[in-house]
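Single-structure report; data block below.
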Amino acid sequence: MVRYRVRGGNALRGTAFIQGAKNAVLPMIGAALLAAKGRTVLRNVPIIEDVRRAVELAESVGAYVELHESERTLVIDASRLTSAVLPAEIARRFRGSVLFTPALLHRLGEAIVEGVGGCNLGSRNLDFHYLGYKRLGAVVDEGETVIHVKASGLTGATLYLDTPSHTGTENLIMAASLAKGTTVIENAALEPEVLDVIDLLTKMGARIRGGGTGFITVEGVDELHAVEHTVMPDRLDAGVFAMASAITGGDLNLVGTGLDLGVVRYKLEQMGVEFAPQGAVLSVRCERTLRPINIITDTYPGFATDLQSPIMTVAALADGTSYIHERIFDGRFALAGELNKMGANVEVDGNRAVVRGRTPLTGTQVTAHDLRSGIALVLAGLAAEGETVIESGYLIDRGHAHLAARMRALGADITREISEH
Ligand SMILES: CC(=O)N[C@H]1[C@@H](OP(=O)(O)OP(=O)(O)OC[C@H]2O[C@@H](n3ccc(=O)[nH]c3=O)[C@H](O)[C@@H]2O)O[C@H](CO)[C@@H](O)[C@@H]1O
Ligand SMILES: C=C(OP(=O)(O)O)C(=O)O
């Protein structure tokens, strides 16, 4: 059991180093398995539990993988894949496991998916993935627990996503990259991480046009080769550090190549947070009482659902009533009950929440129900009086690298503990 212990009241000051993006590196590990020769090198890899699970999963299908933690570098040799099975005990522990299917399909002619994990956020369907594979010529056998996808070569087709699924877009681009002929993906996801994956695949030899337009065309090629790529910075990690600066009255300099917080920055500015880009560094501070905010989550370039829980904590500390409308997932308000235990006043009605601030927060024992509610509780702990103990800290470690050490370096009083129970 991992738990985080936070004693609130310290302002966070200094330079925060933003990790590489979880939601870019996971599809990249899946993409590396498409290369039948050579070694792929991924740099700026976040040392998070999801990456460790992805390494285990890649090894379980026969890839040779080196994770050089202090160099934040992965070396992946997928020249000898030996198993088409994505075993339940690893695959059920992270969502990114879904991104291994295209490589197994192309390299071994089948993928046997024993399970897919990820944050528990209500329904998380995969129908767009499987419908897409079918339209490319695969046979998909959806059993009670195991899904078997088979194909002796894929052929390009026109695909349409009902909503622009993030991993769905990545999977269908990977599947189309080695298919015969042209594939068109309509209503594709626009997320920057998807564009970073397209950059990697393009370096590998894939022919992909239209990234970022919602309308992607892929001309299939015969093979993809192993290359080197640097993972983009994690805008969710950056958003969390910006919020930590804001709610503690701190002053942080965020460092992460080409960091772009988009709408998150504008929403925090509406709340009174000041951002000052200084060349490659983004400074964040807040010297005034926070104003309340309205948030509607959406696919990119809308407000990212993954920062909805963290901004709920910020809203609880703002002076007035904030409104949050969650439009991506139907079960992403598990944070509300935990925040209320700390003294917040959050009322949930379906996919809408009303946050009445400002209420003083007091430390107590709380539970992370998913990665982002976990990090939102760390934020609450930083601003609370007394000690906050956050159970189920593994969920936080799924997505944030060396969190306690990075926050301690900025003045936070936070420790990460491991116990038997
Ligand atoms: C590893 C990774 O990149 N995870 C991210 C990815 O998850 P993930 O790719 O799983 O999220 P999707 O964009 O696919 O899902 C968004 C919504 O679409 C629905 N849907 C999706 C696919 C499908 O085939 N059918 C369907 O109905 C889901 O049930 C959900 O309600 O995007 C989410 C939304 O930005 C983020 O919260 C996750 O951090
Ligand atoms: C929902 C998330 O992750 P995953 O899709 O990996 O479960 C997240 O990062 O908040």
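Computed on the chain, with alpha-carbon pairs under 8 angstrom and 6+ residues apart, the relative contact order is 21 percent.
Lys/Arg Cβ at +1, Asp/Glu Cβ at -1, dipole of the chain taken about the Cα centre: which of Gly220, His325, Val273 is farthest positive-ward? Farthest towards the positive pole: Val273. If I compute solvent accessible area with a 1.4 Å probe over the protein chains, what percent of it on the chain is carbon and sulfur? Taking all protein chains in place, the chain shows 47 percent carbon and sulfur surface. Take every DSSP beta bridge whose two residues both sit in segment 7-101; close to 100 percent of them are antiparallel.
Solvent-accessible surface of the chain, averaged per residue with a 1.4 angstrom probe and all protein chains in place: 38 square angstrom.
For segment 156-231, the gyration tensor built on C-alpha atoms gives an oblate shape. Its axis ratio a/c (a ≥ b ≥ c) is at least 1.5, and a/b is not larger than b/c.
The distance from the alpha carbon centre of segment 207-277 to that of segment 11-61 is 16 Å, rounded to a whole number. If the chain linking Glu420 and Asp127 were pulled fully straight, counting 0.36 nm for each residue of separation and taking away their Cα-Cα distance, it would gain 101.6 nm. What residue among Glu142, Glu326, Glu193 shows peak mean-square fluctuation when the chain is described by a Gaussian network model with Cα springs under 10 Å? Highest fluctuation of the listed residues: Glu142. With contributions of -39500 (n - 2.57) from each DSSP H run of at least four residues, the per-residue ellipticity at 222 nm computed over the chain stands at -9000 deg cm²/dmol.
The peptide list 221-234, 9-22, 96-109, put in order of mean Cβ contacts within 10 Å with the highest first, becomes 96-109, 9-22, 221-234. Residues of segment 87-106 with the amide nitrogen closer than 18 Å to a label point 7 Å from the Cα of Ser152, along Cα-to-Cβ, please. Taking a point 7 Å out along Cα→Cβ of Ser152, the residues of segment 87-106 whose backbone N falls under 18 Å are 105-106. Give the separation of the Cα centroids, segment 300-366 to segment 142-201, in Å. Using only Cα atoms, the two centres lie 33 Å from each other. Bridge orientation summary for the chain: considering DSSP beta bridges with both residues in this region, about 70 percent are antiparallel. For the chain, lysine pairs with C-alpha atoms less than 25 angstrom apart, excluding pairs fewer than eight positions apart on the same chain, total 9. Of all DSSP bridge pairs formed entirely within segment 22-230, close to 75 percent run antiparallel. Using R0 = 51 Å, the C-beta based FRET efficiency linking Thr145 and Thr321 works out to 0.70. About its Cα centre, the chain has a charge dipole of approximately 460 debye under the convention of +1 per Lys or Arg Cβ and -1 per Asp or Glu Cβ, with nothing else charged. Above 31 Å, the calculated P(r) of the chain contains 38 percent of its Cα-Cα pairs.
The values are calculated or read from the model by the stated rules, or taken from the named source; none is laboratory data. Because the structure is predicted, anything quoted here is derived from the model rather than measured. In this analysis, Cβ positions are derived from the backbone assuming ideal geometry, glycine residues included, and neighbour counts consider all displayed protein chains. Ligands, DNA and RNA are excluded from the accessible area calculation, which covers all protein heavy atoms including side chains. Shrake-Rupley method; radii C 1.70, N 1.55, O 1.52, S 1.80 Å.
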